[in-house]
Amino acid sequence: MMTTKTYWQKYRTELLFYFGFLTILGVAFFLQAVYADSWSEEPIKSTTKETINVFVDRLVSAYLWLLLTPFIIWITEKISLKKFSIGILGLLHLTAGLFFTFLHIPIYITYIFTIHSFLPWMYSGVFEKMADITYGDYVITSLARVNHVYRLLYYSIIIAIHFAFEYFRKYSERELRASQLEVQLKEAQIRTLHQQLQPHFLFNTLNGISSLMYKSVEDADTMLTYLGDLLRISLERMNTQEVPLKDDIAFIERYLLIEKTRMGDRLIVRTNFHPDTLDALVPCMMAQPLLENAIKHGVAPNVRQGTIIATSWRDAEKLFLQIEDDGNGFNKSLEENLTKGYGIKNTIERLKILYGGNYSLQFTNKETGGLRVTLSIPFRMQTD
């Protein structure tokens, strides 16, 4: 059952809207009364007190509908097109409208008698005309003679506003559910891609360790130790989509220790990560496939020493990560890896899911030789 607190939380905006709208209607009916009286042969509202009397009367008459509004909303939710045909629904609302109209009148007259007992000048003209009429007689007379059209108008406006708010609430709920489902789907897709990346990375590393076993058991053992650290970090981030850049740097530093152990002096790595970017969020394990690609195609094919440079910087609302090598640049082997290779393909899929079209991943040949890979994503801090 809905409590007063939950009712207020659900209908707060709607009730405040009713308050504002009923205020406007009350003022409008006051102005209409003043205008009509100005054209009468014997104006009765010429004094300041009478003007205040009429103004307060029209506002209170409108605000009394605000007291009835929660009950009107309750009735409206009980009778709907889901339960009744449109003809029956119209008849039920007409009946409900008349009921609340007739309920409004005795409440309104109770207010008149009460306020007059405290402020005799309020409604003095009314009481002068009905000096010998009792409260009950006044209620019966009003029910029989008063024009109820404008009261039915109040009821109609209240249910129309409620229908509009209810439609907006349901529309917002559908949009929220759709966005939540979309987020859940993206999270599932990213988890799948992340989990697929781990076996790929593990296979490549174990393959390197296997090759090194025939050359140096000690180095192979060192690589296994580094690999254990990487797997531990990877498992800790199993369900993590984004991490601060500094955490991803810690991961790739361990990965580079493995590659340096395997390749020895042939691999030189230089880094220049701007301090302002260290807390920026990046996709988990995003840099590792790019570094692996640079080592595999930029350093490993050559006998000479190879250098990889990793940098980061911020430009306005964009975070840039760049990996450079001094290898052979963009060639057929690299092109085939980009179109068929798993690591880069997986990276692109994750970027699409996370950022839609708001990212850039470019592969360009350097003038001095080698390949430059530049990744651009939205700059977001962990607290954003």
Q.
Looking only at segment 294-304, filter to residues that are β-branched (Val, Ile, Thr) and crowded, with 19+ Cβ neighbours inside 10 Å; which one of those is nearest to residue 369 (Cα to Cα)?
A. 299
Q.
Looking only at residues that are at pLDDT 70 or above and not β-branched (Val, Ile, Thr) in segment 334-353, which one is surrounded by the fewest Cβ atoms within 10 Å (Cβ to Cβ)?
A. 352
(Q) Looking at segment 150-161, can you tell me whether even one residue there is assigned to a helix (DSSP H, G or I), assigned by TED's automatic domain parsing to the domain that holds residue 95 and modelled with pLDDT under 80? (A) yes
Q: Take residue 172 and decide whether it is surrounded by fewer than 12 Cβ atoms within 10 Å (Cβ to Cβ), among the small types (Gly, Ala, Ser) and modelled with pLDDT of 65 or more.
A: yes
Q | In segment 303-329, the residues that are of a type in the set (D, E, K, R) and more than 39 Å from the chain's Cα centre (by Cα) | A | 304, 325, 326
Q | Extreme residue, surrounded by the most Cβ atoms within 10 Å (Cβ to Cβ), among residues of segment 75-92 that are of a type outside the set (A, V, I, L, M) and within 36 Å of the chain's Cα centre (by Cα) | A | 76
**Q.** Positions within segment 362-378 being more than 32 Å from the chain's Cα centre (by Cα) and free of Cβ contacts under 8 Å to residues at least 24 places away in the same chain, in sequence order
**A.** 367
Q.
Tell me whether segment 354-366 contains one or more residues that are buried (at least 18 other Cβ atoms within 10 Å of the Cβ), farther than 24 Å from residue 305 by Cα and modelled with pLDDT under 90.
A. yes
Q) Is there any pair linking a residue in segment 346-361 that is within 14 Å of residue 378 (Cβ to Cβ) and without any contact (Cβ under 8 Å) to a residue 40 or more places away in the chain to one that is among the polar types (S, T, N, Q) and assigned to a helix (DSSP H, G or I), with Cβ under 6 Å and at least six apart or on different chains, and which? A) none
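Yes/no per residue for (1) modelled with pLDDT of 90 or more; (2) surrounded by 16 or more Cβ atoms within 10 Å (Cβ to Cβ):
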position: 242; (1), (2): no, yes
position: 249; (1), (2): yes, yes
position: 255; (1), (2): no, yes
position: 263; (1), (2): no, yes
position: 274; (1), (2): yes, no
position: 281; (1), (2): yes, yes
position: 292; (1), (2): no, yes
position: 310; (1), (2): yes, yes
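The values are calculated or read from the model by the stated rules, or taken from the named source; none is laboratory data. The structure presented is a predicted model; accordingly, all values stated were derived computationally and were not measured. All Cβ positions, glycine included, derive from the backbone under ideal geometry; neighbour counts span all protein chains shown.
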